[in-house]
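A.B. asks: This is the structure, below, for whatever I ask next.
The numbers here are math on the coordinates, done by the rules we state, and not lab data. Since the structure is predicted, the reported quantities are computational estimates derived from the model, not experimental observations. Cβ atoms come from the backbone with ideal geometry, glycine included; neighbour counts cover every protein chain shown.
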Amino acid sequence: MRKSRMALPADFLWGFATAAYQIEGGAAQDGRGPSIWDTFSKTPGKVADGKNGDVACDSYNNADQDVALLKSLGAKVYRFSISWPRVIPLGGRDDPVNEKGLQHYVTFVDKLLDAGIIPMVTLYHWDLPDALDKKYGGLLNKEEFRLDFKRYATVMFEALPKVKHWITFNEPWCSAVLGYNVGVHAPGRTSNREVNPEGDSSTECWIVGHTLLVAHGEAVKVYRDQFKPKNGGEIGITLNGDWAEPWDPEDPLDVEACDRKIEFAISWFADPVYFGKYPDSMRKQLGDRLPEFTPEEVELVKGSNDFYGMNHYTANYIKHKETEPEPNDFLGNLETGFYSKSGENIGPRTQSAWLRPSPIGFRKLLGWLSKRYGYPKIYVTENGTSEAKMDDDEKEPPFPEILEDEFRCEYFRGYINAMKDAIVEDGVNVRAYTAWSLMDNFEWAEGYVTRFGVCYVDYEGGQKRYPKKSAQVISDLFKSLIKTE
Ligand code: PNW
């Protein structure tokens with residue numbers, strides 16, 4: 001049967017995503033060193049259920065099972081991340097490489113390719129070697145960090161020539177804001193002395209953001225100069241950001257605040273990557289607390305994306321503020337909420353306080369980004385949801401009912417169709433999509449309480465994986481949307 005011509009291109013890549021610290025476990029195996037997340041999650045009070053990633057989904061010891069699972073779902077691509085302290089336990093440019101740790105990823109990539117699955121590799125998904133944080137302040141130290149990251153990236157490019165899709169950093173906004181302003185992610189620095197004894201929310205997040213951009217540019221340059229010519233392949237950064245709707249659509253100041261919200265979240269990183277400078281709205285509010293790019297840094301950062309990596313989950317209503325911005329504000333002097341002036345709810349609640357589904361917001365944000373950045377090739381590298389627990393006792397449904405995740409199925413139907421509309425009707429250039437997440441995993445400060453997987457993980461039963469209904473829904477949906485010719 002001939003499929004509709006209103007479909008996704010035959011070479012569209014779809015699959016699932018994960019991150020090293022969230023799934024690997026094997027924390028003390030084969031010479032892996034600690035990351036800032038090992039340290040942070042073992043600090044009392046930092047993670048909801050007091051747990052950590054020591055075992056997680058034990059993916060370090062279950063490569064065959066994970067590859068078989070991906071294959072059974074028909075995935076064409078798998079996005080996963082490398083644990084830097086597994087490869088270089090102390091992290092630094094003069095520190096030894098741990099061959100066993102490195103070999104794990106070489107073998108894993110081969111297994112994926114043997115199964116016909118394309119690897120998409122994130123170099124940094126938040127698990128900085130703890131030794132670098134202790135030695136020189138980690139991401140706060142631009143000159144040290146950029147060189148250590150460059151060396152780590154070079155080791156990985158050298159070891160994995162078969163990988164053709166590289167992501168430098170996952171969600172620098174989260175590293176900077178959650179790690180150095182709010183303090184709820186590692187290393188947990190903030191001005192809020194009830195949360196942490198050290199940190200300055202008014203300056204550190206902007207410094208860290210700058211470090212990440214420069215280090216990204218550094219790794220891209222190495223890849224383009226030394227590896228791309230012989231291996232082919234491409235490299236980019238993955239940015240997260242929500243769609244913004246005005247609280248009062250009749251108020252031009254709320255409408256303007258929506259753009260400012262997206263600029264503070266996304267253009268903070270995307271403007272330097274595409275235009276070589278920070279957004280005017282940020283410079284205006286932050287003044288010299290926002291670092292300046294040196295000419296050498298502009299050279300590195302501007303034009304450093306071969307594709308735009310997009311993580312997207314939710315939308316907010318935005319209300320401008322009349323007062324002067326607070327020194328620790330990172331939103332752009334505005335309020336975010338789930339209700340509009342007329343009382344409309346943006347979407348149903350989930351288990352994640354920050355996440356409410358709004359598929360139309362995905363289509364709108366794809367359009368906003370495409371217009372601003374010249375219709376770049378986009379890879380959607382994360383999209384997904386948790387499910388609200390049963391109202392009365394905050395318990396999750398028992399196994400196997402938990403596999404019938406109709407709420408998540410509806411989320412994916414809505415979001416994937418919204419993306420399809422953006423592609424076929426609005427002309428945005430999305431070429432890949434990886435759902436978050438392949439399986440339930442360590443959800444950072446929420447521990448194992450919140451499940452994002454399209455496969456259930458039985459943490460008490462040897463980490464066995466069971467596909468939920470949503471895994472099949474995604475698979476069937478893409479099969480029906482992709483042109484077969
Ligand atoms: C992303 N927020 O994190 C991460 O890339 C994943 O590792 C994570 O598991 C997933 O989304 C689900 O949370 C985010 O508060 C964490 O806006 C928090 C926020 C956004 C993204």
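A.B. asks: Would you mind giving the three semi-axes, in whole Å and largest first, of the ellipsoid equivalent to the range 340-419 according to its Cα gyration tensor?
C.D. replies: Values: eigenvalues 168, 55, 18 Å².
So the equivalent ellipsoid measures 29, 17, 10 Å along its semi-axes.
A.B. asks: Each residue of the range 39-55 in order: what ³J(HN,Hα) in whole Hz does its phi give by Karplus 6.51 cos²θ - 1.76 cosθ + 1.60, θ = phi - 60°, with x for Gly and Pro?
C.D. replies: Going residue by residue, I get 5, 5, 6, 8, 8, x, x, 8, 10, 3, 9, x, 9, 8, x, 3, 10 Hz, with x marking Gly and Pro.
A.B. asks: How far apart, in nm, are the 7 Å Cα→Cβ label points at D11 and V55?
C.D. replies: 4.5
A.B. asks: Sticking with this structure for a sec: For the chain, give the share of DSSP beta bridges that are antiparallel, in percent and rounded to the nearest 5; count only bridges with both residues there.
C.D. replies: On the way: 10 of 47 bridges.
Taking every DSSP beta bridge with both residues in the chain, the antiparallel ones total about 20 percent.
A.B. asks: Stretch L253-K134 to full length: gain in nm at 0.36 nm per residue minus the Cα-Cα span?
C.D. replies: Values: separation 119, 0.36 × 119 = 42.84 nm, distance 4.40 nm.
Going from the current span to full extension adds 38.4 nm.
A.B. asks: While we're looking at this one, here's another question. What net charge is computed for the residues neighbouring G101, neighbours being all others with C-beta under 12 Å from the C-beta of G101, Lys and Arg scored +1, Asp and Glu -1?
C.D. replies: 0
A.B. asks: Also: In whole Hz, with x marking every Gly and Pro, tabulate ³J(HN,Hα) for the range 371-387 from phi via Karplus 6.51 cos²θ - 1.76 cosθ + 1.60, θ = phi - 60°.
C.D. replies: The phi angles translate into 5, 5, 10, x, 6, x, 5, 10, 10, 7, 9, 8, 5, x, 8, 8, 10 Hz.
A.B. asks: Right, here's the next one. Find, among the chymotrypsin sites (Phe, Trp or Tyr not before Pro) in the range 338-371, those assigned to loop by DSSP (not H, G, I, E, B) with at most 14 other beta-carbon atoms within 10 angstrom. Intermediate results must be reported in sequence, preceding the final value.
C.D. replies: Numbers: sites: F338, Y339, W354, F362, W368; in loops: F338, W354.
Loop-located and lightly packed - W354.
A.B. asks: From Cα coordinates alone, what are the radius of gyration and Dmax values for the chain in angstrom?
C.D. replies: Computed over the Cα atoms of the chain, radius of gyration and Dmax are 21.3, 65 Å.
A.B. asks: May I ask you to list the trypsin sites (Lys or Arg not before Pro) in the range 395-485 that are in a DSSP loop and have at most 15 other Cβ atoms within 10 Å of their Cβ? Could the numbers behind the result be given before it?
C.D. replies: Working: sites: K395, R408, R413, K420, R431, R451, K464, R465, K468, K469, K479, K483; in loops: K395, R451, K468, K483.
Listed in order of number, the matching sites are K395, K483.
A.B. asks: If you don't mind, another one. For the range 81-97, just list the computed ³J(HN,Hα) in residue order, Karplus coefficients 6.51, -1.76 and 1.60, θ = phi - 60°, integers in Hz, with x standing in for Gly and Pro.
C.D. replies: Along the range 81-97, the couplings run 10, 9, 7, 3, x, 6, 8, 10, x, 9, x, x, 5, 9, 8, x, 7 Hz.
A.B. asks: So, one more: In nm, to one decimal, how far is the modelled label at D64 from the one at V298, with both set 7 Å along Cα→Cβ?
C.D. replies: 5.6
A.B. asks: Let me ask something additional. Loop-only check: which GluC sites (Glu not before Pro) in the range 324-425 are DSSP coil with at most 15 other Cβ within 10 angstrom? Mind showing how you got there, number by number?
C.D. replies: On the way: sites: E335, E344, E382, E387, E394, E401, E404, E406, E410, E425; in loops: E344, E387, E394, E404, E425.
Qualifying residues, ordered by number: E344, E394, E404, E425.
A.B. asks: Next question, about the same structure. With 20 Å as the limit, write out which pairs from K76/K377; K284/K321; K284/K341 have Cα-Cα distances beyond it, or answer none.
C.D. replies: Numbers: K76/K377 18 Å; K284/K321 15 Å; K284/K341 28 Å.
Exceeds cut-off: K284/K341.
A.B. asks: Along Cα→Cβ, 7 Å out, is where each label goes; now give me the distance between the ones at E460 and K230 in nm to one decimal.
C.D. replies: If labels sit at E460 and K230, their model points lie 5.2 nm apart.
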